[in-house]
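Just so it is clear, none of the values below were taken in a lab; they were calculated from the coordinates. Everything numeric here is computed off the predicted structure, so don't read it as measured data. We place every Cβ from the backbone using ideal geometry, glycine too, and count neighbours over all the protein chains shown.
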Amino acid sequence: MDTKQPPSALAFLQSSSLPMLVQEEIERLIMTGALPVGSRINESELSQRFNTSRGPIREALRALEEAGLVRTEKNRGMFVREISFEEADEIYELREAMEEIIGRRVALAITNDGIERLKAMVDAMHAAADARELEQYAQLNLQFHDILLETAGSAKLTETYQRLIKELSLFRMRALGGGGGLSVSADEHGEIVNAIASRDPQRAGTALRRHVADSRARMHKALGREPAAPSSSSALSSTKEA
């Protein structure tokens, strides 16, 4: 008689979801700068860190490569991907237009509880800024915009936005880290919440667009580049406000 028992549903779920959990954690390390851009990824260290075999690590890294966050160099291994300044600048311009759409949608969909949740996030961001906790601030920043995406309620917008924002992670960290960027950014997020709380789609969209434009300007300053030319979306919005 065959005494072997089929794997339980829980065991199957755990084995199938492990690579995804590992992927999310490695992605978090990249997004917060704990794994710096250009750094070589050590599978053995990650395996020890997550107390798992290399199989789930490799599967997670393949998914991250498809997402554009890591790259493979022949005979050298896998590295955290670095995008060019020109590519980052182009993404910022696209993001300005997307954030304006998000702001307009959120202003119409947000609940009172949602506004209170955003206010609590801004308070936490100010605390992280005051303590100069760059990684903590970066994580809160991502969570804040994730809440906006969730509230906006557009699957396609979320998919496109998240891909772009992940590629921008290091440039945003460098811009935030200098010249009082954390405190300035936290103040801008407070202005965004106030605009959303007004339930005015145009005001909310404009606040988010301006925040991205200012973030883009901070990136230019941090990297010693010329100021960015106003994007077409900025020009259109300025015309509407005139």
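Some notes on this structure:
- Taking Tyr137, Tyr161 and counting other C-beta atoms within 10 Å, the order from fewest to most: Tyr161, Tyr137
- From least to most packed, judged by other beta carbons within 10 angstrom and beginning with the fewest, His145, His189 follow the order His145, His189.
- Counting other Cβ atoms within 10 Å as a rough exposure proxy, the listed residues Ser183, Ser44, Ser39 run Ser44, Ser39, Ser183 from fewest neighbours to most.
- Tensor-based shape of segment 125-174 (alpha-carbon gyration tensor, a/c under 1.5 rounded, otherwise prolate or oblate): oblate
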